[in-house]
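Trainee: Below: one structure in structure tokens.
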Amino acid sequence: MRKKILIIIIALITFNAGAQKKEKFKFIKNLFKYSTIYSSYSESSPLFQNETYFVTQGGDLINTSPETQNDFSLNFGIRKIARMDYENKAQKYYDGSEQNYSLSSNIGSINGLEYLAQFTKGKQQGREFQSQRYFMRYMANYWMGKVEYQQNGLINLDYKSADIRIRLPIGKSKNLSFSIGSVVRSHKPFGYLPIDDYLETSPWWDLAYDRGFVDHYYGIDYDNDGSLDDADWWWSNPAGDRIADTDQDFRSNHYWRIVNSYNREELNKIGTLATLSGVFGVDYYIYRDNRFWLHSWGSIYPIHKHIYGNEDFSYELHVGSDKWIDYNYGIIMGWYLSKSFGVFTEFEKTQFWDKELSFMKMGINLTL
């Protein structure tokens, strides 16, 4: 009898472990179902730039045109984002340049879990950049939750957010939807420039000295009469190379790098801040058999509260109020007025802190 009981217990444990393993495998399978892992590399010639020249005090002509190198972009990512009805897959593969408007709107094409993780490194118009975006959203009938991290190296936008909202679909077709909730966003000390404080108490050249740059005095005799009419300074870098013939040359062509480096270091010392904001959203979506579609959305963040980090560097302190308004809105519209003639427009704008992003496209299609 004991043996039978022991056998039954072992069988139950084995069955339960197998069932748990099966459920775990099923969960993982469903998690990655319809997702795509991708990587890509692209390279192109840079935009044309006019040649620039500098004339020294001695009358020598120096070509100061920057050396041009090809622009490039390297992307890695994984995505599971359902396309809206009006969004066609432009090609049979993903390369990281795709723009899905459902990532910006407050609704998705389906209920359930969607996600995107992408890393980009490249160079554009001679400027190297690195960008990352991690996005996860769960959409239900009457609520939604979203977490996101975005680092846009081209416009210096860097923030993390967690968004939870109640949703209220309107009407039988539920084309119109309202949402209200709150969002926590961690971010850098936007609105504050450390160099402003530095220049209030110190001359600009002290910052250059601190970085190893050296100025060298020389006199100027314009009329060659043996007496000096003016004076200036030529500059050398920390390696001792001559890089500028005058103060103005140094400030115009080199000092901005020192300022950017100083600002970056001082902002990193301040660390991360976080803001709690109230958010209200509205979405309207209609699609009619590939002949007409309209997708419009908007989110407004009218109230804010500093909740983490050094409050002396909070954004509301530097804009003079905690009543600034962040927002995101957009519209996608396409209309085939006949079988051969159609018009379309796409527009999106985002204002977060002192960072602004906008995109617009419009046109017509005529099929002959």
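Trainee: Could you please find all residues in segment 268-287 being surrounded by 16 or more Cβ atoms within 10 Å (Cβ to Cβ) and of a type in the set (S, T, N, Q)?
Mentor: Scanning segment 268-287 gives Thr275, Ser277.
Trainee: Would you confirm whether or not segment 308-319 contains a residue that is under 25 Å from Asp197 (Cα atoms), in contact with a Ser or Thr (Cβ under 7 Å, 6 or more places away or on another chain) and either outside the structural domain of Tyr101 (by TED's automatic domain parsing) or not hydroxyl-bearing (Ser, Thr, Tyr) (or both)?
Mentor: Scanning segment 308-319, I find at least one residue that is under 25 Å from Asp197 (Cα atoms), in contact with a Ser or Thr (Cβ under 7 Å, 6 or more places away or on another chain) and either outside the structural domain of Tyr101 (by TED's automatic domain parsing) or not hydroxyl-bearing (Ser, Thr, Tyr) (or both), so the answer is yes.
Trainee: Let me ask something else. Quick one: Pro189 ticks every box in (1) part of a strand (DSSP E or B); (2) within 18 Å of the chain's Cα centre (by Cα); (3) not hydrophobic (A, V, I, L, M, F, W, C) except a single one, so which number is it?
Mentor: Tallying (1) part of a strand (DSSP E or B); (2) within 18 Å of the chain's Cα centre (by Cα); (3) not hydrophobic (A, V, I, L, M, F, W, C), Pro189 fails exactly one: (1).
Trainee: Same structure again: Here is a check on your reading of the model: is Ser299 farther than 21 Å from Gln99 by Cβ and not aromatic (Phe, Trp, Tyr)?
Mentor: no
Trainee: Can you name every residue in segment 121-146 that is at pLDDT 90 or above, in a strand (DSSP E or B) and hydroxyl-bearing (Ser, Thr, Tyr)?
Mentor: Tyr134, Tyr138
Trainee: So Asp197 clears everything in (1) assigned to a strand (DSSP E or B); (2) without any contact (Cβ under 8 Å) to a residue 40 or more places away in the chain; (3) within 22 Å of Lys355 (Cβ to Cβ) except one condition, right? Which one?
Mentor: (1)
Trainee: Can we say Asp283 is of a type in the set (Asp, Glu) and touching a Phe, Trp or Tyr at 6+ places or on another chain (Cβ under 6 Å)?
Mentor: It is true that Asp283 is of a type in the set (Asp, Glu) and touching a Phe, Trp or Tyr at 6+ places or on another chain (Cβ under 6 Å).
Trainee: Tally time: how many residues in segment 288-299 are surrounded by fewer than 16 Cβ atoms within 10 Å (Cβ to Cβ) and touching a residue at least 12 places away in the same chain (Cβ under 8 Å)?
Mentor: Total meeting the criteria: 3.
Trainee: Could you give me the residue pairs with C-beta distances under 6 Å whose first residue belongs to segment 144-167 and is surrounded by fewer than 16 Cβ atoms within 10 Å (Cβ to Cβ), whose second residue is of a type in the set (A, V, I, L, M, F, W, C) and outside any strand (DSSP E or B) wherever it lies, and which are 6+ apart or on separate chains?
Mentor: none
Trainee: Given (1) within 30 Å of Ser109 (Cβ to Cβ); (2) surrounded by fewer than 16 Cβ atoms within 10 Å (Cβ to Cβ); (3) in contact with a Gly (Cβ under 8 Å, 6 or more places away or on another chain), where does Lys172 come up short, assuming only one miss?
Mentor: Only one criterion is unmet by Lys172, namely (3).
Trainee: Step by step: first the residues of segment 338-357, then only those that are surrounded by fewer than 16 Cβ atoms within 10 Å (Cβ to Cβ) and at pLDDT below 90, then the one that is nearest to Gln99 (Cα to Cα). Which residue is that?
Mentor: For segment 338-357, the residue satisfying everything is Leu357.
Trainee: Output the residue which, of all residues in segment 119-171 that are within 19 Å of the chain's Cα centre (by Cα) and aromatic (Phe, Trp, Tyr), is nearest to Ile307 (Cα to Cα).
Mentor: For segment 119-171, the residue satisfying everything is Tyr159.
The values are calculated or read from the model by the stated rules, or taken from the named source; none is laboratory data. Computed from a predicted model, the values in this text were never measured in an experiment. All Cβ positions, even for glycine, are placed from backbone atoms using ideal geometry, and neighbour counts span all protein chains on display.
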